[in-house]
1. Check off (1) surrounded by 11 or more Cβ atoms within 10 Å (Cβ to Cβ); (2) at positive phi for L50 and give me the number that stays unchecked.
2. Kindly establish whether I26 is touching a Lys or Arg at 6+ places or on another chain (Cβ under 6 Å) and in contact (Cβ under 8 Å) with a residue 60 or more places away in the chain.
3. So, restricting to helices (runs of 4 or more DSSP H) that lie completely within the range 1-95, which ones have at least 1 residues that are hydroxyl-bearing (S, T, Y)?
4. Just name the residue that is modelled with the lowest pLDDT out of those in the range 42-80 that are aliphatic (A, V, I, L, M) and touching a Phe, Trp or Tyr at 6+ places or on another chain (Cβ under 8 Å).
5. Please verify whether the range 58-73 includes one or more residues that are exposed (fewer than 13 other Cβ atoms within 10 Å of the Cβ) and in contact (Cβ under 8 Å) with a residue 40 or more places away in the chain.
6. Could you list all residues from the range 77-107 that are farther than 18 Å from Y37 by Cα and in contact (Cβ under 8 Å) with a residue 40 or more places away in the chain?
7. Scan the range 7-18 and report the pairs whose first residue is touching a residue at least 12 places away in the same chain (Cβ under 8 Å) and whose second residue is among the aromatic types (F, W, Y) and surrounded by 16 or more Cβ atoms within 10 Å (Cβ to Cβ), with Cβ atoms within less than 8 Å and a gap of 6+ or a chain change.
8. Under the condition of being surrounded by fewer than 17 Cβ atoms within 10 Å (Cβ to Cβ) and hydrophobic (A, V, I, L, M, F, W, C), which residue from the range 1-38 is modelled with the lowest pLDDT?
Amino acid sequence: MSEQLHTQDLREKVVSAIKSVYDPEIPVDIYELGLIYEINIYPVNNVFVLMTLTSPACPSAEAIPGEVEQKLKEIEGINDVKVEVTFDPPYTQDMMSEAAKLELGFL
């Protein structure tokens, strides 16, 4: 049970760290934007994040996954971090949270 609790706690820290990363062109964090497709925490605290970017041509595209990786590596207890970028499925504004849509005036 404690293993499960630990993973849940770690997951919350991972989500928190991800929420501190912003797309430079949008005043909303990448988690609320819906750019994170998957977060997996494997035994020995290895974290895998599958994410996308708002556009494959996004000039800051290269920087965002690196920033995510950096922030996750700063979490105490994390062993290894792998951030993978995919464009399948392609990003759409429907993936944003209600809060992000509100913030950006889509609602």
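The values are calculated or read from the model by the stated rules, or taken from the named source; none is laboratory data. Note that this is a predicted model, so its numbers are computed, not measured. Cβ coordinates were reconstructed from backbone atoms using ideal geometry, including for glycine residues, and neighbour counts include every protein chain displayed.
1. (2)
2. On the way: touching a Lys or Arg at 6+ places or on another chain (Cβ under 6 Å): no; in contact (Cβ under 8 Å) with a residue 60 or more places away in the chain: yes.
It is false that I26 is touching a Lys or Arg at 6+ places or on another chain (Cβ under 6 Å) and in contact (Cβ under 8 Å) with a residue 60 or more places away in the chain.
3. Details: elements: 2-18, 30-33, 63-73.
Output list reads 2-18, 30-33.
4. In the first step, residues of the range 42-80 are kept if they are aliphatic (A, V, I, L, M); the result is 44, 47, 49-51, 53, 57, 61, 63-64, 68, 72, 75, 78.
Still in the list and also touching a Phe, Trp or Tyr at 6+ places or on another chain (Cβ under 8 Å): 50-51, 53.
Numbers: L50: 98, M51: 97, L53: 92.
Only one residue fits best here, namely L53.
5. Of the range 58-73, the ones exposed (fewer than 13 other Cβ atoms within 10 Å of the Cβ) are 59, 62, 66.
Narrowing the set further to residues that are in contact (Cβ under 8 Å) with a residue 40 or more places away in the chain leaves none.
So far as the range 58-73 goes, no, none of its residues is exposed (fewer than 13 other Cβ atoms within 10 Å of the Cβ) and in contact (Cβ under 8 Å) with a residue 40 or more places away in the chain.
6. Hits for the range 77-107 are G77, I78, E103, L104.
7. Every condition considered, the pairs that remain are V15/Y31; I18/Y31.
8. Among those residues, the one meeting the criterion is M1.
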